[in-house]
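Since every read-out is calculated from the coordinates, none of them should be taken as a lab result. Remember, predicted model here, so these are calculated numbers, not experimental data.
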Amino acid sequence: MLDNSKLDKFIVFKIADYSLCLGIMDVLKVVKFTNQISREMKTMGLVQLGKHTIQLWDLHQQLGDGSLPQPSPNQRFLVIIRPRNSELWGIFVDDLPNLLELPEDMMQPIPKSYRQASVLEMISHAAVISNEASTQKIFLLDLQQVGALTP
C-alpha cells in the first residue's frame with residue numbers, strides 16, 4: 001500500500017462459508033491440531049496443552065451444519081485466544097490462518113440492530129476486500145461474546 005494510513009493486523013481463517021478474523025493482539029498462539037486434541041474435543045469441549053486447560057469455542061457448530069469437517073490431520077489447527085479477563089479459549093480451524101494487514105478505517109462496525117441474528121451477534125466488525133478476481137467479506141469476531149455463545 002502506498003498511503004501512510006495506519007495498518008491493523010488480523011489473523012484470518014475460514015469456517016463454513018465465513019471468513020473470520022481476530023486482531024493479532026487477541027491471538028496467543030496457533031497450534032497444530034493433533035489426534036489427542038481431537039479426541040478430547042469430541043468428548044469434553046476442553047483440551048489440555050501443557051499445563052493449560054483450554055475451553056473450545058465450536059464455531060463449526062454455530063456457523064455450519066454442526067459437524068466438524070474431516071480434513072487431513074496435517075491441516076487442522078487450534079487458534080488460542082484469551083478474551084479480556086477470561087480463561088484460555090481455542091477455536092478449531094481447517095487450515096493454517098493467514099495474516100492480513102488492513103487500513104484501520106477499513107474494518108467497519110456492524111450496527112447493533114443487525115446483530116440480533118445468531119450469526120451476527122458474534123461479529124463486531126466487517127470489511128470487504130476487492131481485487132480484480134473476487135470480493136471477500138471478512139468478519140471480526142466479538143470476543144466479548146465468547147462466554148455468552150458457548151454452552
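Could you tell me which of the pairs K9/K32; K6/K29; K6/K32; K6/K112 are separated by over 28 angstrom between their Cα atoms in the structure shown?
As for pairs spanning more than 28 Å Cα to Cα, those are K6/K32.
D8's amide H: which non-local residues (gap 5+, or another chain) put their own amide H closer than 5 Å, with H modeled 1.01 Å from N in plane and none for Pro or chain starts?
Distant-sequence amide H within range of D8: L102, E104.
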